[in-house]
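Reviewing the structure listed below.
The values are calculated or read from the model by the stated rules, or taken from the named source; none is laboratory data. All of these numbers come straight from a predicted model, not from anything done at the bench. Reconstructed Cβ throughout: ideal geometry from the backbone, glycine too, with neighbour counts over all protein chains shown. Just the protein is used for accessible areas: all its heavy atoms, side chains included, with ligands, DNA and RNA removed. Shrake-Rupley method; radii C 1.70, N 1.55, O 1.52, S 1.80 Å.
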Amino acid sequence: MTVTPAHLRVLASRAEALTAELRKLCDSAPHGSPEHDHLATARHAADWLARGAEELQRAAADLARLEAQPCGLPWAVCPEHGNTLSSQAGVSTCRVCRRSWTYDRPGQPCREPVTWKVIDRAGTETRMCDGHVLGARAAAQGATFVRLGAGGTQQ
Ligand SMILES: [Zn+2]
Ligand SMILES: [Zn+2]
């Protein structure tokens, strides 16, 4: 199972709901009643739950940031067509779609979002963008290609 930010957010909202329920229960005991005085531990537990919910939200945000990581392969390609760029005088142009970039794009690391996980026959896992996966498909024999969903979750 792959842990996604959504999983953590669901658990965080459950913890928030439990916190609210517990606080409501504690508040329902009238001031000065024996129950009220003995609910200090339960109120303390509600505080801990609230803190736990916050931590879970933070963990979800951290995970989402991690998944939004750029491809990072050391040369950039056309996001749609892959290794189809030719560079001349500092301008890179895709031979297929004619899209151009006013810098030497293949000389820059790839900043496109990661959308694929490629596992080669040796079991090495590489995450890459749509453009780079085209080249990998052509080159890597016997590799496994796993498409990642929006936000980097496995489908
Ligand atoms: Zn192109
Ligand atoms: Zn890439």
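Summary of values
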item: Looking only at region 83-131, and only at residues there that are open to solvent by 60 Å² or more (accessible area, probe 1.4 Å) and within 14 Å of ligand 2 (Cβ to nearest atom), the one that is farthest from the chain's Cα centre (by Cα); result: ASN83
item: Flag if LEU134 is within 16 Å of ligand 1 (Cβ to nearest atom) and either surrounded by fewer than 12 Cβ atoms within 10 Å (Cβ to Cβ) or among the aliphatic types (A, V, I, L, M) (or both); result: yes
item: Pairs where the first residue, in region 1-25, is surrounded by 13 or more Cβ atoms within 10 Å (Cβ to Cβ) and the second is not in a helix (DSSP H, G or I), C-beta under 7 Å, 6+ apart; result: THR4/THR153
item: Single match in GLU16, GLU80, GLU21, GLU55 (criterion: modelled with pLDDT of 90 or more, within 19 Å of the chain's Cα centre (by Cα) and not assigned by TED's automatic domain parsing to the domain that holds LEU148); result: GLU55
item: Cβ pairs under 6 Å, 6+ apart, first in region 27-50 and farther than 19 Å from ALA17 by Cα, second of a type outside the set (Lys, Arg) and in a helix (DSSP H, G or I); result: ALA29/GLU35; ALA29/HIS36
